[in-house]
Amino acid sequence: MSILAVYITDINGQQLFEYPVSDSPPTNKILQVALRDASPEDVILRLSSDELLFHRKQDALDFLIPCTAAMPALVPLEFISHLIKVLHDYFQPPLSRQKIEKNYSTIMMLLNEMIEDGYPFVTEENALRDLVPFAGGLSKFLPTLPKGAANSLKSLTSSSSSSKSFSSDSSLPRSNVPWRRSNVKHNNNELYVDIQETLSVIIPALSPTQQLLNSINSGPNPAPSASAFYTPAVPQVLAEPIVAIAHGSVLATTKLSGVPDIQLILSFGNRLLEGPAFHPCVRLARWRERPGTLSFIPPDGKCCLLQYTISGVESGPIGGDLKTGLGPMKDEFEVRVWSRVPRNVKFVENLRVEVVFDGERVQNVKGTRASSGEFNIEKKGVGVWRFPGKTPMGWNASLRGTMVVNEDLEAGPDGTVAQEFPKYIRISYDCQGMLVSGAKVESLRIVSGKGLDDRAKPYKGVKYLTQGKDIVIRG
């Protein structure tokens, strides 16, 4: 089982880069035929009984890796992710056609280190910096690379004598830590930790009893209003989430000289971390002895120390609901959204509410009245209610409208076409300064630092971010 080749193409399938690993890998033309017949969601395609194609789009480029069918699927998919991270590290995002063509020889040398006998070998950015210079060393000898020369160049970089010429000098000191480059020096020593959580929630529609309780709490005769507020801003009774999951990442950005040894202590309360995944630099034995303690020698620059999942979290600082069958004709719907008042948070940003409906049965939405924000139909079956800028805590807004049913639909037994309403709403936002799981940093300290000036006082910072990405509320 092995990787057969690495191709990089533009979005039209034109080949920009080729790195053959086997003697006779599938050509880009064969891969493009397979891609043409596939749906965009298919990241794994079968080329033959013995070969598979793994691909991913990134920065208007397509990364293609044909492999033998026996290769575990996770290996090439993770390799593509690592390759993109390495290219971003070397050439800065976003990647483009010009960057690939200009740095062809450097990318060739990188893949010569990253793949060994058809299998991923060195994939850490810090280790590759010691092996491959940022400037394309081969460009001095091959200023222009003719088409079809990839096999020749691969043979050149793979030979032992050429490797010594075009890779970094073997006489230079190498780091004893695989993920950290040697001789790291910074004028300003800094250490930042960012914890980010992505919230996914599904809230069912209110039961008839809950709807009745809310109508009683709102009073028998609510005062009429010229605004969109036809019902109380925040209902008294809310449905319990079916699903409430936080996917978290602990990110570290280190700009520290020498070889620092760091200890980060996290607190998750009494919550259980599901499927935690660690960076290789984290000492797992220390975590097992003291859960929540991350002890590590970090890579230079950015890295993800820990990824985790926590179930049963709070539904977040933004709530909402969807009501249908309102108005004199019982043909209106109403969407309400509000912000709660969590501690230490003053606002959320990039708040948007997607109103999802049947795009085949609904032509348009008429008579929309929003107390705040802007509502537009942005694509078939989806209307987006946006709130630009910052949305304060303790705030609420309401949107009403009527869906225009497609006149070409077949009428029912009574000779009329049934009125359509939204199926559900989806809320998204960014909230700085809080985590829905309640996780927090208890302490962050540099235990020791070989090569770090004793007089240096590194700057340390911690930030929290909750991103509501998939908060679905059914009507």
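Give me the accessible area per residue for the range 347-431, probe 1.4 Å, as a whole number in Å².
That works out to 51 Å² for each residue.
Can you compute the modelled spin-label distance between residue 116 and residue 78, with each label point 7 Å from Cα toward Cβ, in nm?
Each label point lies 7 Å from its Cα, and together they span 1.6 nm.
Å³ per residue of the Cα convex hull, for the range 374-438?
Spelled out: Cα convex hull of the range 374-438, divided by residues, is 158 Å³.
At R0 = 35 Å, how high is the FRET efficiency between residue 277 and residue 12 if r is their beta carbon distance? Nearest 0.05 is fine.
Values: r = 36 Å, r/R0 = 1.02.
Approximately 0.45, to the nearest 0.05.
To the nearest 20 debye, what charge dipole does the range 3-81 have about its Cα centre, counting +1 at the Cβ of each Lys and Arg and -1 at the Cβ of each Asp and Glu?
Numbers: 5 positive and 11 negative charges, 16 e Å.
Using Cβ point charges on Lys, Arg, Asp and Glu, the range 3-81 gives about 80 debye.
For the pair residue 89 and residue 450, what calculated FRET efficiency results from E = 1/(1 + (r/R0)^6), where r is the Cβ-Cβ distance and R0 = 30 Å, to the nearest 0.05?
It comes to 0.80.
Could you please report the charge total around residue 309, scoring K, R as +1 and D, E as -1 over all other residues with beta-carbon less than 11 angstrom from its beta-carbon?
Result for the neighbourhood of residue 309: -1.
Counting only Cα atoms, I'd like the Rg/Rh figure for the range 230-324, Kirkwood definition for Rh.
Here the Rg-to-Rh quotient is 1.17.
So how long is each side of the range 304-378 along the principal axes, counting just the alpha-carbon atoms, biggest first, in Å?
Each principal axis gives a Cα extent; for the range 304-378 these are 53, 28, 23 Å.
Over the Cα atoms of the range 49-114, what is the Rg over Rh ratio if Rh follows Kirkwood?
Taking Rh as the inverse mean 1/r over Cα pairs, Rg/Rh reads 0.99.
Considering every Cα-Cα pair within the range 1-146, what fraction, in whole percent, is farther apart than 26 Å?
Counting every Cα pair in the range 1-146, those more than 26 Å apart make up 20 percent.
With r as the distance between the Cβ atoms of residue 29 and residue 190 and R0 = 45 Å, compute the FRET efficiency 1/(1 + (r/R0)^6) and round to 0.05.
0.40
Using alpha-carbon positions, what is the distance between the centroids of the range 258-291 and the range 3-26, in Å?
First find each Cα centre; the distance between them is then 39 Å.
For the range 348-468, would you read off the P(r) tail past 16 Å as a percentage of all alpha carbon pairs?
Result: 73 percent of Cα pairs exceed 16 Å.
What does the highest-first list of 356-362, 14-20, 42-48, 197-203 look like by mean Cβ count within 10 Å?
Per-residue mean Cβ counts within 10 Å order the peptides as 197-203, 14-20, 356-362, 42-48.
Treat every Asp and Glu Cβ in the range 48-127 as -1 and every Lys and Arg Cβ as +1, leave all other atoms uncharged, and give the resulting dipole magnitude about the Cα centre to the nearest 20 debye. Don't jump to the answer; show the numbers that get you there.
Values: 6 positive and 12 negative charges, 84 e Å.
Result for the range 48-127 is approximately 400 debye, rounded to the nearest 20.
Let's see if you can work this out: charge +1 on each Lys and Arg Cβ, -1 on each Asp and Glu Cβ, no other charges. What is the dipole magnitude of the range 258-416 about its Cα centre, in debye to the nearest 20?
Result for the range 258-416 is approximately 920 debye, rounded to the nearest 20.
The values are calculated or read from the model by the stated rules, or taken from the named source; none is laboratory data. In this text the structure is predicted, and so the values were computed from the model without any measurement. Here Cβ is always computed from backbone atoms with ideal geometry, including for glycine, and neighbour counts include all displayed protein chains. The area values use the complete protein model at the heavy-atom level, side chains included, leaving out ligands, DNA and RNA. Shrake-Rupley method; radii C 1.70, N 1.55, O 1.52, S 1.80 Å.
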